[in-house]
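Visitor: One structure is given below, represented as structure tokens, and several questions about it will come after.
The values are calculated or read from the model by the stated rules, or taken from the named source; none is laboratory data. All values reported here derive from a predicted model rather than from experimental measurement. For neighbour counting, all protein chains shown are included, and Cβ atoms are generated from backbone atoms with ideal geometry for every residue, glycine included. Remember, those area values only see protein heavy atoms, side chains included, never the ligands or the DNA or RNA. Shrake-Rupley method; radii C 1.70, N 1.55, O 1.52, S 1.80 Å.
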Amino acid sequence: MPPTPIAALRDRYLQRQTTPTAELDEAFARSNANASENTYLSQNKFWSLNQASRLKPDDVETQLLFGIPVSLKDCFDLSGSRTSSGSRFYQSQPSAKEDSTVAARVRQAGAIITGKTHLHQLAYGITGENPDFGDCLQPVNSALLTGGSSSGAAASVQEGSALAAIGTDTGGSIRIPAALCGLAGYRSSHTLNTPQFWRGGHHLAPAMDTVGWIYRDLRDGPLLAQALFHLDPVDPPQSLTGLRIGTPNDAFLGALPPAIANALAATLARLTAAKAVCSTFDAVMWNNALDIYSPIVAVQAAKLHRGNFHHFDPVIAARLEAGAATDLQQASDLFANMETFRARTAALFNRFDYLLYPCAPITELRAGDDHTAARTAILRYTTPISLAGLPAVTLPFPGGAGLQLIGPLNSDAKLLATSTTFADLAT
């Protein structure tokens, strides 16, 4: 296989065939290439060029992301820049005085931040629609939304203005745009998302929020996670023999579009041929995931945005109002139910090494359509993993047919290493 996008650029730096400033010029030339011209909500070419010019060529040997163009979801502070969280109300507030931990870590690893990307308002949505900044359309197909809430993150990688993009995943906000845009995505274990790690990050719901990456080649995932979370790398498995893979049964999955059904069947066939042990499980316990997830998110989001509901999309404001109306006993019961759900889902890993199933039961979100039903259908697939706090990698397939490979809590490095063995599936 050819080298990954990041490996190829690193090699060009090592051979002194290009410079960070030259690569940044190309990144800016590709920026906002979607029909909606809103991949980024803010960019400062002078600031980014200054950042690139400070990189020392010899540091390519030691900095994991030396000179790599990386976009930042606009819910993380960047010193001197305003943080919108997808809302003009928040964009009107004063600029951040220092970098968030997330921004600081990628800069310390040598990455060049190309700008702050579009997101669903408050990161509270799965489609990438936004009344304040316009809906985010796919650069390669203007008839389709990117998905959200890490909409601009996916668009930046798809258009080539970034080789990797920082996103967040509360209820599927990395997995869905990655899948719909034909890209890889990594959602981290919730336990990695400590308050210190989220310093300078603007939450939707701390009980569910995770940070991760959208990128093009699965083989780049381990390096990106190492740079962001300081995870020790793990070697990819030499063999898949005996690997236990669990897939929800048809009662949970329901009818799948042909592209998704074919992607799942091809992946399971590949695993079986490699002597992995693939079997199904009864996912009836996941049927109430959305009923627990949604009110918890509403309660926590309402607390964070109290007093400002009227500034937001009426659909989002209504969710916040519902969260604010939830009493303490109801909230306590929801969190108790979440802990029970997490324990029952964690028990699946007594039987399986990984879980594998589609990111969503749809392959596209057409711009201008009513996606109310699609949102519920998507969240049915994503929220069990969100509620359980598990790490997941989106395995990309053409036509928006991405699958999610899910590991046990805190298995991130091993999960990412295993995901690299699927890098040729979508080619």
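Visitor: Of all residues in segment 162-210, count the ones that are of a type outside the set (A, V, I, L, M), more than 12 Å from ALA392 (Cβ to Cβ) and either modelled with pLDDT under 95 or touching a Pro at 6+ places or on another chain (Cβ under 9 Å) (or both).
Guide: So the answer is 7.
Visitor: Still on this model: Going by the conditions given, is LEU119 open to solvent by less than 10 Å² (accessible area, probe 1.4 Å), of a type in the set (A, V, I, L, M, F, W, C) and not in a helix (DSSP H, G or I)? Break it down stepwise before answering.
Guide: Working: open to solvent by less than 10 Å² (accessible area, probe 1.4 Å): yes; of a type in the set (A, V, I, L, M, F, W, C): yes; not in a helix (DSSP H, G or I): yes.
Here the answer is yes, as LEU119 does meet what is asked.
Visitor: Does segment 406-421 contain at least one residue that is among the basic types (Lys, Arg), part of a helix (DSSP H, G or I) and more than 30 Å from VAL315 (Cα to Cα)?
Guide: yes
Visitor: Still on this structure, please answer the following. Filter segment 129-149 for residues that are touching a residue at least 40 places away in the same chain (Cβ under 8 Å), within 15 Å of ARG375 (Cα to Cα) and small (Gly, Ala, Ser) and give the result.
Guide: Scanning segment 129-149 gives GLY147, SER149.
Visitor: Residue by residue through segment 122-143, note down the ones that are open to solvent by 20 Å² or more (accessible area, probe 1.4 Å) and over 24 Å from LEU65 (Cβ atoms).
Guide: Listed by number, the residues that qualify are GLU129, PRO131, ASP132, PHE133, GLY134, ASP135, LEU137, VAL140, ASN141, SER142, ALA143.
Visitor: May I pose another question? In the list LEU416, LEU365, which residue meets the criterion of being touching a strand residue (DSSP E or B) at 6+ places or on another chain (Cβ under 7 Å), farther than 26 Å from PRO222 by Cβ, open to solvent by less than 20 Å² (accessible area, probe 1.4 Å) and of a type outside the set (Gly, Ala, Ser)?
Guide: Criteria check complete, one pass: LEU365.
Visitor: What number of residues within segment 1-60 satisfy the criterion of being outside any loop (DSSP other than H, G, I, E, B), hydroxyl-bearing (Ser, Thr, Tyr) and open to solvent by less than 70 Å² (accessible area, probe 1.4 Å)?
Guide: Number of matching residues: 5.
Visitor: A further question follows. SER142: hydroxyl-bearing (Ser, Thr, Tyr) and part of a loop (DSSP other than H, G, I, E, B), yes or no?
Guide: Criteria not met by SER142.
Visitor: Please work out if ALA343 is hydrophobic (A, V, I, L, M, F, W, C), at pLDDT 95 or above, surrounded by fewer than 17 Cβ atoms within 10 Å (Cβ to Cβ) and under 30 Å from LEU271 (Cβ atoms).
Guide: Yes, satisfied.
Visitor: When segment 368-382 is examined, which residues are found to be surrounded by fewer than 24 Cβ atoms within 10 Å (Cβ to Cβ) and hydroxyl-bearing (Ser, Thr, Tyr)?
Guide: THR372, THR376
Visitor: Restricting the search to segment 347-378, which residues are closer than 23 Å to ALA35 by Cβ, in contact (Cβ under 8 Å) with a residue 24 or more places away in the chain and charged (D, E, K, R)?
Guide: Passing the criteria: GLU364, ARG366, ARG375.
Visitor: Does ALA103 qualify as being part of a helix (DSSP H, G or I), touching a Phe, Trp or Tyr at 6+ places or on another chain (Cβ under 7 Å), open to solvent by less than 10 Å² (accessible area, probe 1.4 Å) and within 24 Å of ALA22 (Cβ to Cβ)? Give the steps one after another, and end with the answer.
Guide: Working: part of a helix (DSSP H, G or I): yes; touching a Phe, Trp or Tyr at 6+ places or on another chain (Cβ under 7 Å): yes; open to solvent by less than 10 Å² (accessible area, probe 1.4 Å): yes; within 24 Å of ALA22 (Cβ to Cβ): yes.
Against the criterion (part of a helix (DSSP H, G or I), touching a Phe, Trp or Tyr at 6+ places or on another chain (Cβ under 7 Å), open to solvent by less than 10 Å² (accessible area, probe 1.4 Å) and within 24 Å of ALA22 (Cβ to Cβ)), ALA103 qualifies.
Visitor: Here is a follow-up. Filter segment 144-160 for residues that are in contact with a strand residue (DSSP E or B) (Cβ under 6 Å, 6 or more places away or on another chain) and of a type in the set (Gly, Ala, Ser); which is nearest to ASP25 (Cα to Cα)?
Guide: Checking each candidate, the answer is SER156.
Visitor: Next question. Would you check if ALA96 is part of a helix (DSSP H, G or I) and either more than 20 Å from ARG30 (Cα to Cα) or within 25 Å of the chain's Cα centre (by Cα) (or both)?
Guide: Considered against the rule, which asks whether it is part of a helix (DSSP H, G or I) and either more than 20 Å from ARG30 (Cα to Cα) or within 25 Å of the chain's Cα centre (by Cα) (or both), ALA96 comes out as no.
Visitor: In segment 383-405, how many are β-branched (Val, Ile, Thr) and in a strand (DSSP E or B)?
Guide: Residues flagged as β-branched (Val, Ile, Thr) and in a strand (DSSP E or B) within segment 383-405 amount to 2.
Visitor: Evaluate the following for GLY110: is it part of a loop (DSSP other than H, G, I, E, B), at positive phi and open to solvent by less than 10 Å² (accessible area, probe 1.4 Å)?
Guide: When the stated conditions are applied, GLY110 passes them.
Visitor: While we're here: Tally the residues that are part of a loop (DSSP other than H, G, I, E, B), of a type outside the set (A, V, I, L, M, F, W, C), within 18 Å of TYR124 (Cβ to Cβ) and open to solvent by 10 Å² or more (accessible area, probe 1.4 Å), restricting the search to segment 185-221.
Guide: Summing the residues that are part of a loop (DSSP other than H, G, I, E, B), of a type outside the set (A, V, I, L, M, F, W, C), within 18 Å of TYR124 (Cβ to Cβ) and open to solvent by 10 Å² or more (accessible area, probe 1.4 Å) in segment 185-221 gives 4.
Visitor: Kindly evaluate GLY242 against the criterion of being within 17 Å of LEU355 (Cα to Cα), part of a loop (DSSP other than H, G, I, E, B) and of a type in the set (Gly, Ala, Ser).
Guide: Answer is yes for this residue.
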